[in-house]
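**Student:** What follows is a single structure, and I will ask about it in a moment.
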Amino acid sequence: MLIASEDDVILVRKAVRALAESHGFDTFATAALTTATSELTRNVWVYARRGQVLIEEVTNADRTGIRVTFRDEGPGIADIPRVLAGGFSTARSMGLGVSGSRRLVDAFDLQSEPGRGTTVEIVKWKTT
Amino acid sequence: MRGTIPILRLGDVLITTVHVELRDAVAEAFQADILDAIEKGHARGLVIDISGLDMVDTYVARILAETGRMAHLMGTDTVLCGMRAEVAATLVRMGYPMDGVRAALDLDEGLALLHELRREKK
């Protein structure tokens with residue numbers, strides 16, 4: 001899905017919620033994944049203005065999960081440890097978006113290079 | 001009224017239900033409408049019902065907390081009511097501090113809490 005407006009943030013979140021619900025994620029896991037998706041999609045919009053979000057179903061043995069990948073070619077992140085620690089923001093937020101999202105999902109991977117862009121990948125497994 | 005989120009008056013309390021997506025423009029209009037209503041009507045309390053929100057990210061949380069702090073500067077207490085269980089769990093897990101607002105389970109308890117706060121002030 002393409003991110004090119006504030007409305008796209010809402011569309012991506014709705015798509016992730018619909019997929020989580022269709023796979024029987026409980027309300028807590030659905031809210032966690034939807035919220036992390038909202039944070040990271042909004043970051044693409046706020047910092048890069050343009051980007052891509054890929055929503056996929058993943059399986060591992062008998063587990064079902066959802067992987068969401070956020071990719072942009074925006075300004076990138078110079079100090080990744082600081083962003084992951086939270087409480088740091090260069091735009092209008094509390095700076096808890098990235099660190100908070102990380103706590104809501106089961107796997108979190110952030111790759112970024114200043115001037116080249118940022119890619120974040122998250123996975124949430126369905127609780128059985 | 002600038003925005004699309006209705007604000008009701010009950011005595012000297014304002015009641016509003018956030019039931020739509022808070023985009024930047026909607027959020028700004030919502031805050032301005034609330035502050036206008038407080039100023040014009042000398043409201044002593046504000047209840048924001050968020051039972052219709054199935055997700056509160058740090059963006060929405062910031063708007064809600066900011067609104068409470070703005071109202072507070074005008075002498076009005078704010079009570080957030082109806083937060084869903086999964087929303088509360090998510091916000092706490094993210095480490096978001098909801099400073100500047102009190103919370104109640106539902107609208108009835110929200111109104112009761114406002115009355116209590118006013119009794120304390122007297």
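The values are calculated or read from the model by the stated rules, or taken from the named source; none is laboratory data. This one's a predicted model, so the numbers in the text were calculated from it and none came from an experiment. Every residue, glycine as well, gets a Cβ built from its backbone with ideal geometry; the counts of neighbours run over all protein chains shown.
**Student:** Is it the case that A:Val58 is within 10 Å of chain B (Cβ to nearest Cβ) and either on the phi > 0 side of the Ramachandran plot or in contact (Cβ under 8 Å) with a residue 24 or more places away in the chain (or both)?
**Tutor:** no
**Student:** Residue by residue through the range A:42-75, note down the ones that are farther than 16 Å from A:Ala107 by Cα, modelled with pLDDT under 95 and polar (S, T, N, Q).
**Tutor:** Once the filter is applied, which keeps residues that are farther than 16 Å from A:Ala107 by Cα, modelled with pLDDT under 95 and polar (S, T, N, Q), the range A:42-75 yields only A:Asn43.
**Student:** Report whether or not A:Ala20 is more than 10 Å from chain B (Cβ to nearest Cβ) and out of contact with any helix residue (DSSP H, G or I) (no Cβ under 7 Å at 6 or more places or on another chain).
**Tutor:** no
**Student:** Within the range B:87-122, which residues are without any contact (Cβ under 8 Å) to a residue 24 or more places away in the chain and either in contact with a His (Cβ under 6 Å, 6 or more places away or on another chain) or acidic (Asp, Glu) (or both)?
**Tutor:** Once the filter is applied, which keeps residues that are without any contact (Cβ under 8 Å) to a residue 24 or more places away in the chain and either in contact with a His (Cβ under 6 Å, 6 or more places away or on another chain) or acidic (Asp, Glu) (or both), the range B:87-122 yields B:Asp108, B:Glu116, B:Glu120.
**Student:** Being under 19 Å from B:Arg62 (Cα atoms) and free of Cβ contacts under 8 Å to residues at least 12 places away in the same chain: is that true of A:Ala36 here?
**Tutor:** So A:Ala36 does not fit the description; no.
**Student:** Looking only at the range A:16-37, filter to residues that are out of contact with any Ser or Thr (no Cβ under 9 Å at 6 or more places or on another chain) and not β-branched (Val, Ile, Thr); which one of those is nearest to A:Ile122 (Cα to Cα)?
**Tutor:** A:Leu33
**Student:** While we're here: Give me a count of the residues in the range B:49-62 that are among the aliphatic types (A, V, I, L, M) and under 9 Å from the mean Cα position of the chain (by Cα).
**Tutor:** Summing the residues that are among the aliphatic types (A, V, I, L, M) and under 9 Å from the mean Cα position of the chain (by Cα) in the range B:49-62 gives 1.
**Student:** Out of the range B:44-73, which residues are over 23 Å from B:Asp12 (Cα atoms) and without any contact (Cβ under 8 Å) to a residue 12 or more places away in the chain?
**Tutor:** B:Asp57, B:Arg62 - these are the residues of the range B:44-73 that are over 23 Å from B:Asp12 (Cα atoms) and without any contact (Cβ under 8 Å) to a residue 12 or more places away in the chain.
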